[in-house]
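The values are calculated or read from the model by the stated rules, or taken from the named source; none is laboratory data. Note that the coordinates shown come from a computational prediction; the quantities given were computed from them, not determined experimentally. When we count neighbours, we look across all protein chains shown, and the Cβ atoms used for this are built from the backbone with ideal geometry, even at glycine. With ligands, DNA and RNA removed, areas are computed over all heavy atoms of the protein, side chains included. Shrake-Rupley method; radii C 1.70, N 1.55, O 1.52, S 1.80 Å.
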Amino acid sequence: ETGVTQSPTHLIKTRGQQVTLRCSSQSGHNTVSWYQQALGQGPQFIFQYYREEENGRGNFPPRFSGLQFPNYSSELNVNALELDDSALYLCASSSPGTDTQYFGPGTRLTVL
Amino acid sequence: AQRVTQPEKLLSVFKGAPVELKCNYSYSGSPELFWYVQYSRQRLQLLLRHISRESIKGFTADLNKGETSFHLKKPFAQEEDSAMYYCALTYNQGGKLIFGQGTELSVKP
């Protein structure tokens, strides 16, 4: 069984640029959630995708958007990057009808 | 609004000592409570959940609805327990997790 994978591991961008982060869910999981973890903070929920539809969104502006594909992998897109977007972005997948979310290793985004 | 509070950023104990990591939450309904752990250079992983009422790696946590707390306890800490611990809740099955800020546990030899 393959766990949740994320790419890239690290990313450096400049303010105003756009970025795409990728996540492959664990085998058999059709739900993907994205979290932002700023330094010294707990993860904050960005949004969740279930069967290719957004299924809940946290308090993040519209420049944070996402996609889920038929194979349940997912992308997180952030437009017009700001310095405060620098964080670890975590992806988590879960299977239907369960609460347990399985996390990927994260993508470290640095915005200069 | 739903919130999870972990009052201690750092908890340092000696090996063999009891440990209690505090977690308080604010939610008027019946949430599901979890403890997640992140060991050095590893990903965030589930340690235990209140609904399972199980003990994992010697850790237990009891949900106290009156005090809205879900403290994590272990009677005898081990050096390998050193990690970041996050308390989290969800109020709709399979939905978003609301995390606390985390407590770093350091177990000294």
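Considering only alpha-carbon pairs that sit under 8 angstrom and 6 or more positions apart, the relative contact order computed for the stretch A:13-64 is 23 percent.
For chain A, modelled as a GNM whose springs connect Cα atoms under 10 angstrom apart, the maximal fluctuation among A:Gly97, A:Gly42, A:Gly56 occurs at A:Gly97. Ordering B:Thr90, A:Gln26, B:Ser12 by Cα displacement along the dipole of the protein assembly as shown toward the positive end leaves B:Ser12 in first place; charges were set at the Cβ atoms of Lys, Arg (+1) and Asp, Glu (-1).
For chain B, the relative contact order comes to 38 percent (Cα pairs under 8 Å, sequence separation of at least 6). Starting from one equal scatterer on each C-alpha and no solvent at all, send me the Debye-based log10 I(q)/I(0) for the stretch A:15-84 at q = 0.15, 0.22 Å⁻¹, two decimals. One equal scatterer on each Cα of the stretch A:15-84 leads to -0.49, -0.99. Across all Cα atoms of chain B, the radius of gyration (one decimal) and Dmax (whole number) stand at 13.3, 42 Å. Taking all protein chains together, B:Arg53, A:Arg108, B:Arg41, A:Arg22 sort by accessible area into B:Arg41, B:Arg53, A:Arg22, A:Arg108, largest first [probe 1.4 Å]. Among A:Thr98, A:Thr20, A:Thr31, the residue with the largest mean-square fluctuation in a Gaussian network model of chain A, with springs joining Cα atoms closer than 10 Å, is A:Thr98. Among all the lysines, which ones have a C-alpha under 29 Å from B:Lys9's C-alpha, if same-chain residues fewer than 8 places away are not counted? Cα-Cα hits under 29 Å: B:Lys22, B:Lys57, B:Lys65, B:Lys73, B:Lys74, B:Lys96, B:Lys108. Extension gain, B:Lys9 to B:Arg53, is 13.3 nm, computed as 0.36 nm per intervening residue step minus the present C-alpha separation. For the protein assembly as shown, the orientation-averaged shadow of the C-alpha convex hull comes to 12.2 nm² (one quarter of the hull surface).
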